[in-house]
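Below is one structure, written out as structure tokens; comments come after it.
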Amino acid sequence: MALPSFKLIRARTVPDAVASLTQYASEGARATRVLAGGTDLLPSMRQRLFEPEYVLDLRLVSQLRGIRETEQGIEIGALTTLREIDHSELLKRDYPVLVEAAKTVASPLIRNMSTIGGNICLDTRCLWYNQSLQWRKSCGFCIKKDGDLCHVAPGGSKCWAVFSGDTPPALLCLDAQIEIASAAGTRRIPLREFYTGAGDNYRSLRPNELVTRVILPHSSAGYRGVYRKLRIRGSIDYPLAGVALVAKRANGHIEDLRIALTAVNPAPVLVSGVDALLSQKNGVEALVETAAELAARTAKPLTTSALTPEYRREMIRVFTKRAILALCSS
Ligand SMILES: Cc1cc2nc3c(=O)[nH]c(=O)nc-3n(C[C@H](O)[C@H](O)[C@H](O)COP(=O)(O)OP(=O)(O)OC[C@H]3O[C@@H](n4cnc5c(N)ncnc54)[C@H](O)[C@@H]3O)c2cc1C
Ligand code: SF4
């Protein structure tokens, strides 16, 4: 499948990039697409899911690369590759769950190109959407692109396409913030506020804005973590269900526990109510059962992906149990 034609714009600095976005955003929300590693954008353009008039290539913006320590925490530039994250000694020591999640994305070749910004901004996926134009035309277009019905939940008006990035649940557990730049300046928001929960309009990012950095707070450093991912093949596969879990232990007890899910909802989500379970102090076995039940109830998988929703939800329960037990025994 050939790429549709587009005009390529190469930015060299963040102000350059946001100036281009501002200029072209005025021509319509779909006029421009940002290119980071291109590992998701280019296949999607080949399938005619995006047909932007302009593609803004960020790869020469060196300001957006690298991992550095600051007063507020560890800053990771949006263009930092998943391979760099996987090889960072600092992240392995202080934020191991992020490294574990990054390691599971696709394959080594794809991780050499893929960026953390692209993984956070990844489009939601659905069996009825991530298909060629001919395929979609023959089955009928849907709400997410060019149509007005949903094949997954007919009769409804919501798109349930599923968020399938691996690093965002780990970042949610680490209480990460993201920096967003526009011509008006920069703003920081907690990552959990970035996702809308709608499959078709899944992120809170205006057409003239760019994600520039991820910030991991010092307060989350040192949490032990686990990421478990369900996929059909052992590599090169998007998650069909994923659980990230971090815990802080003191005197043999879990003091803090955070659980987040991916690939089972239109957004990556933190499981709420885990704090209350910890305060009950009912012992590890009870904690494992009740936390796994909470996680399974938070997951709302539908027939957007290969494997049945029931199996994917059940695997959320199983992964949560295994992850807590792994953290308690390490
Ligand atoms: C075969 C295959 C397997 C894959 N398996 C996985 C997997 O297992 N897990 C997984 O998580 N992903 C997977 N992916 C998807 C993809 O490789 C990763 O999600 C990757 O991290 C995307 O990063 P990128 O830099 O290549 O993003 P791009 O493709 O460049 O961009 C992705 C989206 O984000 C937007 N964007 C990128 N950077 C910014 C920014 N700084 N500000 C605003 N918008 C931005 C782009 O406009 C685009 O819409 C797979 C892809 C392929 C082709
Ligand atoms: S969930 Fe429904 S509207 Fe969304 S992409 Fe799938 S079929 Fe289309």
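What is the list of residues in the stretch 247-273 whose amide nitrogen lies under 12 Å from a point 7 angstrom out from the Cα of Thr290, following Cα to Cβ?
Within reach of a label on Thr290, which here means backbone N under 12 Å from a point 7 Å along Cα→Cβ, the stretch 247-273 contributes 273.
In whole Hz and in residue order, list the ³J(HN,Hα) couplings for the stretch 121-136 that follow from phi through the Karplus curve 6.51 cos²θ - 1.76 cosθ + 1.60, θ = phi - 60°; x for Gly and Pro.
8, 3, 5, 6, 10, 7, 4, 8, 10, 7, 9, 5, 4, 4, 4, 5
Given a 1.4 angstrom probe, what's the average accessible area per residue across the chain, in square angstrom? Please list the in-between numbers first.
On the way: 14820 Å² over 330 residues.
I get 45 Å² per residue for this part.
Given R₀ = 22 Å, what would the calculated FRET efficiency be for Leu3 paired with Leu109, taking r from the Cβ atoms and rounding to 0.05? Intermediate values should be presented prior to the final figure.
On the way: r = 20 Å, r/R0 = 0.89.
Given R0 = 22 Å and the Cβ-Cβ separation, E is 0.65.
Summing Lys, Arg as +1 and Asp, Glu as -1, what charge do residues with Cβ under 14 Å from the Cβ of Pro190 carry, Pro190 excluded?
Numbers: positive: Arg187, Arg188, Arg192, Arg203, Arg213, Arg258; negative: Asp175, Glu179, Glu193.
Within the 14 Å Cβ shell, the charges total +3.
In whole Hz, with x marking every Gly and Pro, tabulate ³J(HN,Hα) for the stretch 156-162 from phi via Karplus 6.51 cos²θ - 1.76 cosθ + 1.60, θ = phi - 60°.
x, 10, 9, 8, 10, 3, 9
Tell me the angle of helix 14-25 to the major Cα principal axis of the chain, expressed in degrees between 0 and 90 and rounded to the nearest ten.
60 degrees
Quick check: the distance between the Cα centres of the stretch 65-93 and the stretch 161-202, to the nearest angstrom?
17 Å
Which shape class, rounded, prolate or oblate, goes with the stretch 193-330 when its Cα gyration tensor gives a ≥ b ≥ c as root eigenvalues, a/c under 1.5 marks rounded, and past that a/b bigger than b/c marks prolate? Mind showing how you got there, number by number?
Details: a/c = 1.87, a/b = 1.29, b/c = 1.45.
It comes out oblate by the Cα gyration axes.
Below 12 angstrom from the Cβ of Lys144, what's the summed charge of the other residues (Lys, Arg +1; Asp, Glu -1)? Write out the running numbers ahead of the final one.
Numbers: positive: Arg125, Arg136, Lys145, Lys158; negative: Asp123, Asp146, Asp148, Asp200.
Local net charge: 0.
Leaving out ligands, DNA and RNA, and with a 1.4 Å probe, what % of the accessible surface on the stretch 217-274 is carbon or sulfur? Could the numbers behind the result be given before it?
Working: 1120 of 2300 Å².
Result for the stretch 217-274: 49 percent of the exposed heavy-atom area is carbon or sulfur.
With runs of 4+ DSSP H residues as the only contributors, calculate the mean residue ellipticity of the chain at 222 nm using -39,500 (n - 2.57) per run, divided by the residue total and rounded to the nearest 500. Walk me through the intermediate numbers first.
Numbers: 12 runs with 106 residues, N = 330.
About -9000 deg cm²/dmol.
Please list, ordered by chain and number, the residues whose modelled amide H lies under 5 Å from the amide H of Leu149; skip anything fewer than 5 residues away on the same chain.
Those lying under 5 Å, H to H, from Leu149 are Ile143.
How about the stretch 73-178: which chymotrypsin sites (Phe, Trp or Tyr not before Pro) there lie in a loop by DSSP and see at most 16 other Cβ atoms within 10 Å? All intermediate terms of the calculation are to be shown ahead of the outcome.
Working: sites: Trp128, Tyr129, Trp135, Phe141, Trp160, Phe163; in loops: Trp128, Tyr129, Phe141, Trp160, Phe163.
Those that pass, being in a loop and sparsely packed, are Phe141.
For every other residue with a beta carbon closer than 13 angstrom to the beta carbon of Ala153, add +1 if it is Lys or Arg and -1 if Asp or Glu, then tell me the sum. Don't skip to the end; give the middle numbers.
Working: positive: Lys144, Lys158, Lys300; negative: Asp200.
Summing Lys/Arg as +1 and Asp/Glu as -1 gives +2.
Going 7 Å from the Cα of Glu89 along its beta-carbon direction, which residues of the stretch 206-233 have the amide nitrogen within less than 19 Å of the resulting point?
Counting only backbone N, you get 222.
For the stretch 1-155, what % of the accessible area comes from carbon and sulfur atoms, probe 1.4 Å?
Details: 3860 of 7410 Å².
That fraction is 52 percent.
Pick out which of Ala198, Ala170, Ala244 has the largest mean-square fluctuation in a Gaussian network model of the chain, springs linking Cα atoms closer than 10 Å.
Of Ala198, Ala170, Ala244, the Gaussian network model singles out Ala198 as fluctuating most.
The values are calculated or read from the model by the stated rules, or taken from the named source; none is laboratory data. Just so it is clear, the model here is predicted, and its values are computed rather than measured. Reconstructed Cβ throughout: ideal geometry from the backbone, glycine too, with neighbour counts over all protein chains shown. When the accessible area is computed, the model is the full protein with side chains, heavy atoms only, and any ligands, DNA or RNA have been set aside. Shrake-Rupley method; radii C 1.70, N 1.55, O 1.52, S 1.80 Å.
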